Amino acid sequence: MQQNRSQVTERDGLFELEAGSDVLDSPRYNHDMAPTKVRERTWNKWHITALWVGMSICVPTYTLGGVLTAYFGLTVGEALLAILFANVIVLIPLTLNAFPGTKYGIPFPVLLRSSFGILGSNVPCLIRALVACGWFGIQTMFGGLAIHLFLGSVFEGWKSLGGTGEVIGFMIFWSLNLWVVIRGAESIKWLETLSAPLLVAVGIGLLVWAMPNVSMTELLAIPPKRPEGASVVSYFAAGLTAMVGFWATLSLNIPDFSRYAKSQKDQILGQIFGLPLTMFLFASLGVVMTAASVKLVGVTVSDPVSLIGHIQSPLWVAVAMALIIIATLSTNTAANIVSPTNDFQNIAPKVINRTKAVLLTGFVGLALMAHELLKKLGLIVSDVSLETVYSNWLLGYSSLLGPIAGIMVVDYFLIKKQQLDLAGLYRDDVYPAWNWAGFAAFGVPVVLTLLSLGSDAFSWFYSYGWFTGSALGGVIYYGLCVMRAQPSVVKSPV
């Protein structure tokens with residue numbers, strides 16, 4: 001017989017929900033959004049390390065050094081330091097926002113119900129989802145190109161397809177991504193664990209290939225592309241903000257993964273082991289490979305897919321492309337599909353299940369890449385490049401997502417004091433439908449960021465958007481909650 005009232009139990013600091021009819025019949029609940037059971041939290045520190053290795057080793061990471069030197073006016077050495085510092089900094093919100101996911105087994109959208117309201121959570125969720133869908137499309141473009149080059153190395157006639165072959169590769173890779181995520185979290189864990197050592201091997205192989213053709217002394221001595229005599233501080237800070245923005249998305253929805261962690265220790269160590277060093281080393285590899293590309297293939301090539309495509313040996317091209325397909329798949333499924341899948345379900349959990357949400361993510365990503373796909377098919381002509389979109393996004397979206405990160409941390413640690421009503425997050429009678437403190441704390445930094453775009457005096461607010469946004473959002477949220485005298489602890493009977 002089904003119990004009427006949900007019960008919450010605690011085991012070694014991990015909370016578990018035994019859902020009763022009050023939750024099971026709620027429009028805010030479905031099986032995929034439900035808190036994970038303690039027995040389902042099977043990811044140890046090495047699984048989480050593998051997750052970050054799998055997500056970090058990807059084409060965009062490879063190109064980060066080039067983005068910082070070309071668009072942010074940094075030297076190679078400054079660019080690599082910015083990447084390392086940024087990923088140490090981003091560990092702070094990543095680790096803090098992972099805590100409630102591990103403790104309560106809840107995904108990102110459900111956690112947001114505490115700070116933005118049961119219905120209000122959909123607004124930041126959809127902002128996060130749209131960004132993820134865009135990245136999903138960009139990564140799928142790289143994966144599709146790798147499939148096209150792989151097939152071209154195996155079947156000679158495939159090369160003649162040109163842009164059409166790339167579009168076919170895109171659709172194959174698009175389908176493969178959706179299939180992995182539809183199969184669930186264990187499928188993703190298996191993929192990340194398998195791919196991590198392979199990706200490290202790819203990096204070592206590329207480095208061995210490149211090092212005889214590049215002088216590190218000459219590379220580090222290349223002058224920066226900024227006005228002579230200009231202070232490095234503002235350029236470095238803008239680049240640092242952009243690099244923090246690279247994982248600003250995951251610093252929000254890390255509960256989507258930490259809900260499967262065995263313990264807080266596992267999620268903390270896994271992230272420390274897996275993120276900063278991997279990002280630094282693979283970005284460094286990208287700088288070295290780009291510098292060596294002139295001697296290796298005769299032209300400067302800034303992405304690994306195109307670089308490997310210049311190799312004359314069909315066998316090595318096929319092997320390398322197969323590994324790049326795995327690398328891009330491991331990044332795309334975890335970083336860019338899991339979050340919007342949960343975010344779209346949050347709109348109407350009883351109507352949108354995981355499979356429908358995955359398909360919705362796929363079609364939105366496809367629509368966002370329609371312009372690029374039509375270019376490849378020769379149906380339209382345009383000068384807009386993916387690289388331009390990519391570099392502009394890094395700074396822009398970090399400014400929008402920073403306040404959400406600050407609000408989440410303040411809400412959980414300072415306002416709720418790490419105590420949530422687990423069953424109440426799935427009902428309409430505990431938390432408000434709309435938490436206007438959250439929206440005010442989010443809206444003020446965003447408005448100031450937009451206003452700063454038209455003001456030279458306040459341009460720094462945009463340039464350092466993630467830092468200014470997260471700090472101001474957190475402070476405003478704390479002040480509004482204190483003034484409203486919101487109860488600090490909301491806890492259901494255990």
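The values are calculated or read from the model by the stated rules, or taken from the named source; none is laboratory data. These figures come from a predicted structure and were not determined experimentally. Here the Cβ is made from the backbone with ideal geometry for all residues, glycine too, and neighbour counts use every protein chain on show. Please note that ligands, DNA and RNA were not included when accessible areas were found on the heavy atoms of the full protein model with its side chains. Shrake-Rupley method; radii C 1.70, N 1.55, O 1.52, S 1.80 Å.
Would you check if T278 is free of Cβ contacts under 8 Å to residues at least 40 places away in the same chain and either within 20 Å of the chain's Cα centre (by Cα) or not in a helix (DSSP H, G or I) (or both)?
No: the conditions fail for T278.
Filter the range 24-79 for residues that are aliphatic (A, V, I, L, M) and over 30 Å from G286 (Cα atoms); which is most open to solvent (accessible area, probe 1.4 Å)?
The extreme case among them is L24.
Collect the residues in the range 234-279 that are acidic (D, E) and within 30 Å of Y462 (Cα to Cα), keeping them in residue-number order.
Residue satisfying the conditions is D256 alone.
Within the range 277-286, is there a residue that is of a type in the set (S, T, N, Q), open to solvent by 10 Å² or more (accessible area, probe 1.4 Å), touching a strand residue (DSSP E or B) at 6+ places or on another chain (Cβ under 9 Å) and at pLDDT 80 or above?
Looking for residues that are of a type in the set (S, T, N, Q), open to solvent by 10 Å² or more (accessible area, probe 1.4 Å), touching a strand residue (DSSP E or B) at 6+ places or on another chain (Cβ under 9 Å) and at pLDDT 80 or above, one finds none in the range 277-286, hence no.
Any residue at all in the range 421-431 that's outside any helix (DSSP H, G or I), crowded, with 19+ Cβ neighbours inside 10 Å and of a type in the set (F, W, Y)?
yes
For the range 295-304, state whether one or more residues are surrounded by 23 or more Cβ atoms within 10 Å (Cβ to Cβ) and of a type outside the set (D, E).
So far as the range 295-304 goes, yes, one or more of its residues are surrounded by 23 or more Cβ atoms within 10 Å (Cβ to Cβ) and of a type outside the set (D, E).
Could you say whether any residue in the range 216-230 is touching a helix residue (DSSP H, G or I) at 6+ places or on another chain (Cβ under 7 Å), within 27 Å of N332 (Cα to Cα) and surrounded by 13 or more Cβ atoms within 10 Å (Cβ to Cβ)?
Within the range 216-230, not a single residue is touching a helix residue (DSSP H, G or I) at 6+ places or on another chain (Cβ under 7 Å), within 27 Å of N332 (Cα to Cα) and surrounded by 13 or more Cβ atoms within 10 Å (Cβ to Cβ).
What about I172, is it at pLDDT 90 or above and in a helix (DSSP H, G or I)?
yes
So in the range 441-475, with the set limited to residues that are open to solvent by 40 Å² or more (accessible area, probe 1.4 Å) and modelled with pLDDT of 80 or more, which one is farthest from N97 (Cα to Cα)?
Per the stated criteria, the residue is L451.
Need pairs with beta-carbon distance below 7 Å; first residue over 22 Å from P403 (Cβ atoms) and of a type outside the set (D, E, K, R) and within the range 73-98, second open to solvent by less than 30 Å² (accessible area, probe 1.4 Å) and assigned to a loop (DSSP other than H, G, I, E, B); sequence gap 6+ or separate chains.
A82/L74
Run K491 past the list (1) open to solvent by 20 Å² or more (accessible area, probe 1.4 Å); (2) modelled with pLDDT of 85 or more; (3) in a loop (DSSP other than H, G, I, E, B) and report the number of the one that doesn't hold.
Checking K491 against (1) open to solvent by 20 Å² or more (accessible area, probe 1.4 Å); (2) modelled with pLDDT of 85 or more; (3) in a loop (DSSP other than H, G, I, E, B), the one that fails is (2).
Looking for something more than 29 Å from K265 (Cβ to Cβ) and open to solvent by 10 Å² or more (accessible area, probe 1.4 Å) - is there at least one such residue anywhere in the range 84-97?
For the range 84-97, residues more than 29 Å from K265 (Cβ to Cβ) and open to solvent by 10 Å² or more (accessible area, probe 1.4 Å): absent.
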